[in-house]
């Protein structure tokens, strides 16, 4: 496509898959039943994403428990009482707490790339969790005989391996989910926590070539879970100048739900570098109303007033279902919104003559 367009990642799981996982957790069904439902969901998701006309697909995170939790599969050195992330509607998600070292991923993202490739010949995009998000697993009180410095060294090795493995498995692009970026400014308005997070992620990115980094991107948003957010009240202006210090080639930015898009776009125009590609959110996954292609086109045309046409792309503000048990967005609505994004982006490209 003349203007590239990519989804963020997650698609609402079929109810049969959600029910199977719940039954397994209650010891009422087998893991084989869950795996069969996962494969059915993956196959159906890939097929339906192809039908939207999407030029690049993802696995919809159908087999992930959440966008953040996949590396922790099978870990025995975790306790459930880690950092809690509160959302505006009052619910929260809680990370586990690391209890001992060493820290190792139990599962790497390359497996998701390979599974998706079984069902399509189109390019695959793979989302991975940021090293900075996983740094929150280490407790503030420390761990005897396993220092934070040792943990971070292990974490950065594992995060590098996760991204490199996905690229080597054939992922066209790799997206680092950095949703804690905006949240960090709520937790620490000074920006020190944000800059610490960026430094951790840049240690990972420094291990890749410039060519690799052109295929590696970072996604930020104010969260999106059960139709609620965790940091939409935090001003983008406090985030973006530091965010663009990340040594990534692609930036996926929530924008459709932003109250003053023009102000934010004007700021992006002042900090954008020639090596950057910016994918602007033109779809609001939380809003149940399906955007029309004409509305998407209008949003793209707005972006084109501020940013160089060869440096823009389109995306969704966030994943449609970052956590596996989220049923707030209907599966049908998600695919309809994606189709509107693809069609509206093509419409804008024609109007811009590119």
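The values are calculated or read from the model by the stated rules, or taken from the named source; none is laboratory data. What you see is a predicted model, and the numbers here were worked out from it, not measured in a lab. Cβ coordinates were reconstructed from backbone atoms using ideal geometry, including for glycine residues, and neighbour counts include every protein chain displayed.
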* So residue 296 clears everything in (1) crowded, with 22+ Cβ neighbours inside 10 Å; (2) farther than 10 Å from residue 341 by Cα except one condition, right? Which one? -> (2)
* Asked: residue 332 versus (1) closer than 27 Å to residue 229 by Cα; (2) surrounded by fewer than 17 Cβ atoms within 10 Å (Cβ to Cβ); (3) touching a helix residue (DSSP H, G or I) at 6+ places or on another chain (Cβ under 8 Å): which is the lone unmet condition?
  -> (3)
* Asked: For residue 152, are the conditions met, namely being closer than 24 Å to residue 252 by Cα and part of a helix (DSSP H, G or I)?
  -> no
* Counting only residues that are touching a strand residue (DSSP E or B) at 6+ places or on another chain (Cβ under 7 Å) and not in a loop (DSSP other than H, G, I, E, B), which one in the stretch 323-339 is nearest to residue 277 (Cα to Cα)? -> 337
* Structure fact -> Within the stretch 74-116, of all residues that are in contact (Cβ under 8 Å) with a residue 12 or more places away in the chain, assigned to a strand (DSSP E or B) and within 21 Å of the chain's Cα centre (by Cα), the one nearest to residue 49 (Cα to Cα) is 93
* **Leading residue by the ranking (farthest from residue 47 (Cα to Cα)) among those in the stretch 120-149 that are in a loop (DSSP other than H, G, I, E, B) and touching a residue at least 60 places away in the same chain (Cβ under 8 Å)** => 130
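Report yes if residue 143 is modelled with pLDDT of 95 or more and within 19 Å of residue 201 (Cα to Cα), otherwise no. Give the steps one after another, and end with the answer.
Numbers: modelled with pLDDT of 95 or more: yes; within 19 Å of residue 201 (Cα to Cα): no.
For residue 143, the condition - modelled with pLDDT of 95 or more and within 19 Å of residue 201 (Cα to Cα) - is not met.
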* Asked: Pick from the stretch 304-326 the residues that are surrounded by fewer than 23 Cβ atoms within 10 Å (Cβ to Cβ) and touching a helix residue (DSSP H, G or I) at 6+ places or on another chain (Cβ under 7 Å): which of them is nearest to residue 61 (Cα to Cα)?
  -> 324
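Results for (1) within 28 Å of residue 180 (Cα to Cα); (2) touching a helix residue (DSSP H, G or I) at 6+ places or on another chain (Cβ under 8 Å); (3) in a loop (DSSP other than H, G, I, E, B), shown as yes or no for each residue.
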position	(1), (2), (3)
10	yes, no, yes
27	no, no, yes
37	no, yes, no
47	no, no, no
60	yes, yes, yes
* **Selection count, the stretch 222-235, where residues are buried (at least 22 other Cβ atoms within 10 Å of the Cβ) and at pLDDT 85 or above** => 0
* When you scan the stretch 213-322 for helices (runs of 4 or more DSSP H) that lie fully inside it, which ones turn up with 3 or more residues that are under 20 Å from the mean Cα position of the chain (by Cα)? -> 240-243
* Going through the stretch 151-169 one residue at a time, which ones are exposed (fewer than 15 other Cβ atoms within 10 Å of the Cβ), over 18 Å from residue 111 (Cα atoms) and touching a residue at least 40 places away in the same chain (Cβ under 8 Å)? -> none
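Output yes when any residue across the stretch 272-283 is closer than 28 Å to residue 94 by Cα, crowded, with 19+ Cβ neighbours inside 10 Å and either touching a strand residue (DSSP E or B) at 6+ places or on another chain (Cβ under 8 Å) or in contact (Cβ under 8 Å) with a residue 60 or more places away in the chain (or both), and no when none is. Let's see the steps before the verdict.
Taking the stretch 272-283 as the starting set, the residues that turn out to be closer than 28 Å to residue 94 by Cα are 281, 283.
The next check asks that each one be crowded, with 19+ Cβ neighbours inside 10 Å; those that pass are 281, 283.
In the following step, the residues that additionally are either touching a strand residue (DSSP E or B) at 6+ places or on another chain (Cβ under 8 Å) or in contact (Cβ under 8 Å) with a residue 60 or more places away in the chain (or both) were identified as 281, 283.
Within the stretch 272-283 (the criterion being closer than 28 Å to residue 94 by Cα, crowded, with 19+ Cβ neighbours inside 10 Å and either touching a strand residue (DSSP E or B) at 6+ places or on another chain (Cβ under 8 Å) or in contact (Cβ under 8 Å) with a residue 60 or more places away in the chain (or both)), the answer is yes, since at least one residue qualifies.
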